[in-house]
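Below: the structure, in structure tokens.
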Amino acid sequence: MALFNSKVCLCGLLILFGSVFVKSEADSDDEGITVETVEETEQYHSPSINSKNVYLSEHFDDEVAFKKKWIKSEAKKQGVDENIAKYDGKWEIQAPSRRILKEDLGLVLTTEAKHAAISALLDKPFEFKDKPLIVQYEVTMQEGQNCGGAYIKLLSRGTNTKADLRKFHDQTPYTIMFGPDKCGNDNKLHFIFRHQNPKNGTFEEKHSKKPSQRLEDIYKDKEPHLYTLIVRPDNTYSVLVDEKEVNAGSLLEDFSPPVNPPEEIDDPDDTKPQDWDEREKIVDPSATKPEDWDEEAPAQIVDPNAVKPDGWLDDAPEMIPDPEAKKPADWEEEMDGEWEAPLVDNPVCAAAPGCGPWSPPLLPNPHYKGVWRAPLIPNPNYRGKWAPRRIPNPHYFRDEHPFAMTPIHAVGFELWSMSPQLLFDNLIVSDDAEAVADWTRQTYALKRAKISSDSESVAERALRWAGEQPWLAAAAALVAFSILAAFCYLCCGPSAAPEPDVEYKKTDAMTEDDPHEGEGEGEGEGEGEAVAAPRGKADLEGPATPPATPPATPPATPPHSDHETDQPEKVDTEGAGDGHRKRKPRKE
């Protein structure tokens, strides 16, 4: 009965909690309180931005406009075989394979293991003056990435026309290269800028230090990721992934090779003199081997005081063939050779000090000295480690403003990838952080909200709603808790004491022995067999505390007889069923 009440109580609790939770969500809808479960698929519109501070904004949602602006390369990659040099990778405007926002499209590199290049002119050139450069775009590796890049190149002045874009290839001058790149276990997030030597006009690539965080997941989770590069006029930079900074530093200090060369260098014409002695210590030429030095003495000798222990079994081998081993039935001596039983420890040796031929143990030789060697002494001719003399660097310069890079006139993707379906989206080049933030709110932020909404559980939504409406949530929780407590008390609280005159079932209460029981259930019981009292309700519901001093042996009750003169033993019925009693076997 108690188990049934517990089940009813548990079901009631679940129903009550579910009804309170559903009611709270319904109330939130009625009162205009939303849990951000709006369908972003119906909200998305192609982003728009103020073009005053934007040099390029591309959402790839308009295929007609895309074909007018973006130019596929007709060039060939230099330095590779002719049959694979052509940029024949396929670029298409497609919806993502996993639809997140309705009507949202992207630029997809559909092919694998092919060179591909595509580019577009900026709406106006970017000049590195007093405004920061902000480059941001999304990449979705829809099938992961095994080996290949997804970086963007910001092409330098000189790539000024669509005709120039048709010639875009791997050697086309760029000012900055930025974005993810992976092959095998080598994961990179490039930030490379080409710095011009102010002294001779040559260009050299400068590579930023590695990110401070591990970024393996961006290559395998198949989700959209946002890459942002900010380069500031004070020569600082920041790299962000999904709006979180993963790399930052200085153009002057955190690039390899450094922007500015050293003031002094080793003299390339200086050579080490032939008599230069770099040995710190030498063998003592005056040392001689002592006359009593014995190089022939062994390191160990036989212990002359050793005595063979009593009971040593010289003739007993340490290992013997296993007497219980038997040759396998399928053993063929012609193919398997002569069968031999495996060896086991000789049991005779277990009780003896040892078995087999005895030999005295070895001990260290006190006269052993080994091979004699002359000691080392400081070299009187030591002149230290030689190094070429330092001279002023003829190519030295000092550039305090590496931010002043070559102006940018175009952007392009020049890639090779072993994984197809790389999707690029929502590219923006600007000098206004607020404009870029507004662009992000209209694009990437919507995607992340939709992804989070799709993966968020009902409980997580309720918790988030509670965080947004703390007073309403607290009031609802208080009411629900009060009702829940009252319900628990009614269902599971202490019950009233039973009435003394309650009618029990036959097996629920103690009864006196039936004088005719020997004719029914008592038949067949052996003489002297103990007759147990019927079990009480407490016995059915669980074990009870045994009596303080139980009898060592229960009294035997002989079969009942009408001629029996002895009075039956009185039974204390108070707390019946509390003690451990044997149950009388039931005759089937």
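The values are calculated or read from the model by the stated rules, or taken from the named source; none is laboratory data. Treat the numbers as computed from the prediction; the structure is a model and nothing was measured. So basically every Cβ, Gly included, is an ideal-geometry build from the backbone, and we count neighbours across all protein chains shown. Quick note on the areas: whole protein, heavy atoms, side chains included, nothing else; ligands and nucleic acids left out. Shrake-Rupley method; radii C 1.70, N 1.55, O 1.52, S 1.80 Å.
How many residues are in a loop (DSSP other than H, G, I, E, B), open to solvent by 80 Å² or more (accessible area, probe 1.4 Å) and in contact with a Pro (Cβ under 9 Å, 6 or more places away or on another chain) if we restrict to segment 238-264?
Of the residues in segment 238-264, the ones in a loop (DSSP other than H, G, I, E, B) are 242-243, 251-254, 257-263.
Those still in the list that are open to solvent by 80 Å² or more (accessible area, probe 1.4 Å) too: 243, 253, 263.
Restricting the remaining residues to those that are in contact with a Pro (Cβ under 9 Å, 6 or more places away or on another chain) gives 263.
Final tally of qualifying residues: 1.
If I filter segment 265-277 for residues that are out of contact with any His (no Cβ under 6 Å at 6 or more places or on another chain), surrounded by 11 or more Cβ atoms within 10 Å (Cβ to Cβ) and under 30 Å from residue 372 (Cβ atoms), do I get at least one hit?
Within segment 265-277, one or more residues are out of contact with any His (no Cβ under 6 Å at 6 or more places or on another chain), surrounded by 11 or more Cβ atoms within 10 Å (Cβ to Cβ) and under 30 Å from residue 372 (Cβ atoms).
Can you name every one of the strands (runs of 3 or more DSSP E) wholly within segment 290-387 that holds 1 or more residues which are of a type in the set (Val, Ile, Thr)?
On the way: elements: 300-302, 319-321, 343-345, 362-364, 376-378.
Qualifying strands (runs of 3 or more DSSP E): 300-302, 319-321, 343-345, 376-378.
For residue 130, are the conditions met, namely being farther than 20 Å from residue 166 by Cα, of a type in the set (D, E, K, R) and in contact (Cβ under 8 Å) with a residue 60 or more places away in the chain?
Values: farther than 20 Å from residue 166 by Cα: yes; of a type in the set (D, E, K, R): yes; in contact (Cβ under 8 Å) with a residue 60 or more places away in the chain: yes.
Yes: the conditions hold for residue 130.
Could you tell me whether residue 282 is farther than 30 Å from residue 385 by Cβ and either surrounded by 10 or more Cβ atoms within 10 Å (Cβ to Cβ) or in contact with a Phe, Trp or Tyr (Cβ under 9 Å, 6 or more places away or on another chain) (or both)? Break it down stepwise before answering.
Values: farther than 30 Å from residue 385 by Cβ: no; either surrounded by 10 or more Cβ atoms within 10 Å (Cβ to Cβ) or in contact with a Phe, Trp or Tyr (Cβ under 9 Å, 6 or more places away or on another chain) (or both): yes.
Taking the combined requirement at face value, the residue does not satisfy it.
Take residue 342 and tell me if it is modelled with pLDDT under 95 and open to solvent by 30 Å² or more (accessible area, probe 1.4 Å). Before you say what the answer is, go through the steps one by one.
On the way: modelled with pLDDT under 95: yes; open to solvent by 30 Å² or more (accessible area, probe 1.4 Å): yes.
In short, yes.
Residue by residue through segment 150-169, note down the ones that are part of a loop (DSSP other than H, G, I, E, B) and either touching a strand residue (DSSP E or B) at 6+ places or on another chain (Cβ under 6 Å) or open to solvent by 40 Å² or more (accessible area, probe 1.4 Å) (or both).
150, 151, 157, 158, 159, 160, 161, 167, 168
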